[in-house]
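Peer 1: Starting off with a structure, shown below.
The values are calculated or read from the model by the stated rules, or taken from the named source; none is laboratory data. Quantities reported herein were computed from a predicted structural model and do not represent experimental measurements. Here the Cβ positions follow ideal geometry from the backbone for every residue, glycine too, while neighbour counts run over all protein chains shown. Note: accessible area is taken over every heavy atom of the protein model, side chains too, but ligands, DNA and RNA are not part of it. Shrake-Rupley method; radii C 1.70, N 1.55, O 1.52, S 1.80 Å.
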Amino acid sequence: MLARRADVCAVVSTVPGFNNAKLPDPFTFNNGTPVRTKADWDCRRQEIAALIQGYEAGTLPPKPPILSATFSKSGNTSTLTVTAGLATNSQTTFTPRITYPSGNPPTGGWPLIIAYEGGSIPVPAGIATLSYSNSDIAQQNSQSSRGVGLFYNVYGRSHSASAMTAWVWGVSRIIDALEITPAANINLSKIGVTGCSRDGKGALMAGAFEERIALTIPQESGSGGDTCWRLSHFEQQSGNQVQEATEIVQENVWFSTNFNNYVNQLQVLPYDHHLLAALVAPRAMISFENTDYMWLSPMSSFGCMTAAHTIWQALGVPDNHGFEQVGGHAHCAWPASLNTQLNAFINKFLLGQSPTTSYFSTNNQFGVVSWQPSNWITWSTPTLS
Ligand code: MCU
């Protein structure tokens, strides 16, 4: 783990005057100086995290003063009771279920996958699964869900956090709870997170902002997830019917109300979602996409993750970042053809094995557009010392 350098990192939530129609350079600080070392990257990472909160996610509150947990077990299913809040009159309790494998736990406890709304991937043997009811933490039905859910009972209905940011807060409180609950017997260095579609967007956010997550597995997260806003806009302009920022802010409450101010001027955003994914690095991530649904914005996800991959390359761990994009299955239905890639990431990063995780591919079925890297990626990738 790199040393935290918040004291010396110039962290701001906006960059006034920024203007770039191409993808912003991961390796240049807000003030124009280059990112040369891994310690520089740690600062740059903090810059990016603040920008994403500033423009589109709202503020992610830190660990609150009230945090307690209890654990009860019945057969292979157990309940973790998490209480978190600011004061006794502003706290909340939620009770995620954990399903354990049978048999004896490995030394250090069970690996765990936190699955947004239960998840949609086949979890292999030997891994515990926590079913995370993220929609209870922050509802996501329509615009009417703004400020509704357990998170807002603590922080108030008008808190700036988007639903996805509130979900990250809930994941972090679950991990806080596991830390003080040895009876749960979870290996805290072997925690993964997954979710599909809207919950895939959320799983990516959790991996980005919660550094205790070892493996992030967004599935068919589409626009607002492992796609870039600028690339989705280009797809739409070119004739693909994809989801764009302008639509997504009207559909639901996944983003802060502040993001409404930027959806028609994406070039002023000093980040795009290649830098959201970059927050996960050097930790492991593999995202899965489905080209049968143009709405998911397929060129955008491949291009965006290709751009994000340069950060893992710069950190010397390119095989910690995978991407797989196929068709031939319904939205959020898992295609068995991707079991090898999924299991490789789980085996390596949650089960401590040593398979290859060099998986990054697409079927290139991008409708009327194609991915032209030189139109979007303007940086050369350094080797960070
Ligand atoms: C791909 O995720 C979303 C999509 O962004 C929405 O526009 C649509 O309404 O719902 C998708 C989803 O969550 O499907 C389950």
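Peer 1: Look through the range 219-239, keep the residues that are closer than 20 Å to residue 271 by Cβ, within 12 Å of the ligand (Cβ to nearest atom) and within 15 Å of the chain's Cα centre (by Cα), and return whichever of them is surrounded by the fewest Cβ atoms within 10 Å (Cβ to Cβ).
Peer 2: 221
Peer 1: Now a separate question. Could you figure out which of (1) within 25 Å of residue 312 (Cβ to Cβ); (2) touching a residue at least 60 places away in the same chain (Cβ under 8 Å) isn't true of residue 94?
Peer 2: (1)
Peer 1: Look through the range 353-375, keep the residues that are out of contact with any helix residue (DSSP H, G or I) (no Cβ under 6 Å at 6 or more places or on another chain) and in a loop (DSSP other than H, G, I, E, B), and return whichever of them is nearest to residue 319 (Cα to Cα).
Peer 2: Step one: of the range 353-375, the residues out of contact with any helix residue (DSSP H, G or I) (no Cβ under 6 Å at 6 or more places or on another chain) are 354, 356, 360-361, 363-365, 370, 372-375.
Checking which are in a loop (DSSP other than H, G, I, E, B) leaves us with 354, 356, 363-365, 370, 372.
Working: 354: 12, 356: 8, 363: 20, 364: 21, 365: 24, 370: 25, 372: 23 Å.
Out of the qualifying residues, it is 356.
Peer 1: Out of 280, 242, which single residue is in contact with a Ser or Thr (Cβ under 7 Å, 6 or more places away or on another chain), within 24 Å of residue 343 (Cα to Cα) and either surrounded by fewer than 20 Cβ atoms within 10 Å (Cβ to Cβ) or touching a residue at least 12 places away in the same chain (Cβ under 8 Å) (or both)?
Peer 2: On the way: 242 fails: within 24 Å of residue 343 (Cα to Cα).
Selected residue: 280, the only one of 280, 242 that is in contact with a Ser or Thr (Cβ under 7 Å, 6 or more places away or on another chain), within 24 Å of residue 343 (Cα to Cα) and either surrounded by fewer than 20 Cβ atoms within 10 Å (Cβ to Cβ) or touching a residue at least 12 places away in the same chain (Cβ under 8 Å) (or both).
Peer 1: Checking the conditions here, which among 166, 183, 177 is open to solvent by 10 Å² or more (accessible area, probe 1.4 Å), in contact (Cβ under 8 Å) with a residue 12 or more places away in the chain, over 22 Å from residue 265 (Cβ atoms) and among the small types (Gly, Ala, Ser)?
Peer 2: Values: 166 fails: open to solvent by 10 Å² or more (accessible area, probe 1.4 Å); 177 fails: open to solvent by 10 Å² or more (accessible area, probe 1.4 Å).
The match here is 183.
Peer 1: Among residues belonging to the range 305-333 that are in a loop (DSSP other than H, G, I, E, B) and open to solvent by 50 Å² or more (accessible area, probe 1.4 Å), point out the one that is nearest to the ligand (Cβ to nearest atom). Working first, answer last.
Peer 2: From the range 305-333, those in a loop (DSSP other than H, G, I, E, B) are 315-317, 327-333; that's our starting set.
Next cut, open to solvent by 50 Å² or more (accessible area, probe 1.4 Å) only: 316, 328, 330-331.
Details: 316: 32, 328: 18, 330: 11, 331: 6 Å.
Among those residues, the one meeting the criterion is 331.
Peer 1: Okay, next question. If residue 264 meets every condition in (1) within 21 Å of the chain's Cα centre (by Cα); (2) away from the ligand (no atom under 13 Å from the Cβ); (3) not in a helix (DSSP H, G or I) apart from one, which number is that one?
Peer 2: Residue 264 satisfies all of (1) within 21 Å of the chain's Cα centre (by Cα); (2) away from the ligand (no atom under 13 Å from the Cβ); (3) not in a helix (DSSP H, G or I) except (1).
Peer 1: Got at least one residue in the range 246-258 being touching a Phe, Trp or Tyr at 6+ places or on another chain (Cβ under 6 Å), within 13 Å of the ligand (Cβ to nearest atom) and open to solvent by 10 Å² or more (accessible area, probe 1.4 Å)? Let's see the steps before the verdict.
Peer 2: To start, the set of residues in the range 246-258 that are touching a Phe, Trp or Tyr at 6+ places or on another chain (Cβ under 6 Å) comprises 249.
Within this subset, residues satisfying the condition of being within 13 Å of the ligand (Cβ to nearest atom) are 249.
Next, from what is left, pick out any that are open to solvent by 10 Å² or more (accessible area, probe 1.4 Å): 249.
Yes, the conditions are met somewhere in the range 246-258.
Peer 1: Residue 236 passes all but one of (1) in a helix (DSSP H, G or I); (2) touching a His at 6+ places or on another chain (Cβ under 8 Å); which number fails?
Peer 2: (2)
Peer 1: Can you find a residue in the range 288-298 that is open to solvent by 30 Å² or more (accessible area, probe 1.4 Å), within 16 Å of the ligand (Cβ to nearest atom) and not aromatic (Phe, Trp, Tyr)?
Peer 2: Narrowing the range 288-298 to residues open to solvent by 30 Å² or more (accessible area, probe 1.4 Å): 292-295.
Restricting the remaining residues to those that are within 16 Å of the ligand (Cβ to nearest atom) gives 292-295.
Next cut, not aromatic (Phe, Trp, Tyr) only: 292, 294.
There is at least one residue in the range 288-298 that is open to solvent by 30 Å² or more (accessible area, probe 1.4 Å), within 16 Å of the ligand (Cβ to nearest atom) and not aromatic (Phe, Trp, Tyr).
Peer 1: Checking residue 197 against (1) within 16 Å of the ligand (Cβ to nearest atom); (2) surrounded by 24 or more Cβ atoms within 10 Å (Cβ to Cβ), which single condition isn't satisfied?
Peer 2: Of the numbered conditions (1) within 16 Å of the ligand (Cβ to nearest atom); (2) surrounded by 24 or more Cβ atoms within 10 Å (Cβ to Cβ), the odd one out for residue 197 is (2).
Peer 1: Mind counting the residues in the range 149-172 that are part of a loop (DSSP other than H, G, I, E, B) and closer than 18 Å to residue 117 by Cβ? Spell out the reasoning first.
Peer 2: Looking only at the range 149-172, we keep the residues that are part of a loop (DSSP other than H, G, I, E, B), and these are 149, 156-162.
Restricting the remaining residues to those that are closer than 18 Å to residue 117 by Cβ gives 149, 162.
Final tally of qualifying residues: 2.
Peer 1: From the residues in the range 202-218 that are out of contact with any Leu (no Cβ under 7 Å at 6 or more places or on another chain) and open to solvent by 10 Å² or more (accessible area, probe 1.4 Å), which one is nearest to the ligand (Cβ to nearest atom)?
Peer 2: Taking the range 202-218 first, the residues out of contact with any Leu (no Cβ under 7 Å at 6 or more places or on another chain) are 202-203, 205-207, 210-211, 213, 217.
Right, trim to open to solvent by 10 Å² or more (accessible area, probe 1.4 Å) and you get 210-211.
Details: 210: 21, 211: 25 Å.
Here the residue is 210.
Peer 1: Give me the pairs: first residue in the range 6-28 and farther than 16 Å from residue 380 by Cβ and part of a loop (DSSP other than H, G, I, E, B), second residue of a type in the set (D, E, K, R) and open to solvent by less than 40 Å² (accessible area, probe 1.4 Å), beta-carbon distance under 7 Å, and six or more apart or on different chains, which are they?
Peer 2: Listed by first residue and then by second, the contacts come to 9/47; 11/47; 21/230.
Peer 1: Here's a follow-up. In the range 337-346, which residue that is open to solvent by 40 Å² or more (accessible area, probe 1.4 Å) and without any contact (Cβ under 8 Å) to a residue 60 or more places away in the chain is farthest from residue 369 (Cα to Cα)?
Peer 2: For the range 337-346, the residue satisfying everything is 340.
Peer 1: Cβ-Cβ under 6 Å, sequence separation 6+ or interchain: first residue in the range 219-231 and in a helix (DSSP H, G or I), partner within 13 Å of the ligand (Cβ to nearest atom). Which pairs?
Peer 2: Listed pairs, sorted by first residue: 229/245; 231/300.
Peer 1: Looking only at the range 104-127, count every residue that is under 20 Å from the mean Cα position of the chain (by Cα) and open to solvent by less than 60 Å² (accessible area, probe 1.4 Å) and tell me the total. Walk me through it before giving the result.
Peer 2: Taking the range 104-127 and keeping what is under 20 Å from the mean Cα position of the chain (by Cα), we get 111-123.
So of that shortlist, the ones also open to solvent by less than 60 Å² (accessible area, probe 1.4 Å) come out as 111-116, 118-123.
Qualifying residue count for the region: 12.
Peer 1: Of the conditions (1) touching a helix residue (DSSP H, G or I) at 6+ places or on another chain (Cβ under 7 Å); (2) within 18 Å of residue 167 (Cβ to Cβ), residue 93 clears all except one; give me its number.
Peer 2: Tallying (1) touching a helix residue (DSSP H, G or I) at 6+ places or on another chain (Cβ under 7 Å); (2) within 18 Å of residue 167 (Cβ to Cβ), residue 93 fails exactly one: (1).
Peer 1: Right, something else. Being part of a helix (DSSP H, G or I) and on the phi < 0 side of the Ramachandran plot is true for just one of 300, 287. Which residue is that?
Peer 2: Numbers: 287 fails: part of a helix (DSSP H, G or I).
After ruling out the rest, the residue left standing is 300.
Peer 1: Looking only at the range 49-103, count every residue that is touching a strand residue (DSSP E or B) at 6+ places or on another chain (Cβ under 9 Å), surrounded by fewer than 20 Cβ atoms within 10 Å (Cβ to Cβ) and β-branched (Val, Ile, Thr) and tell me the total.
Peer 2: Within the range 49-103, residues that are touching a strand residue (DSSP E or B) at 6+ places or on another chain (Cβ under 9 Å), surrounded by fewer than 20 Cβ atoms within 10 Å (Cβ to Cβ) and β-branched (Val, Ile, Thr) number 10.
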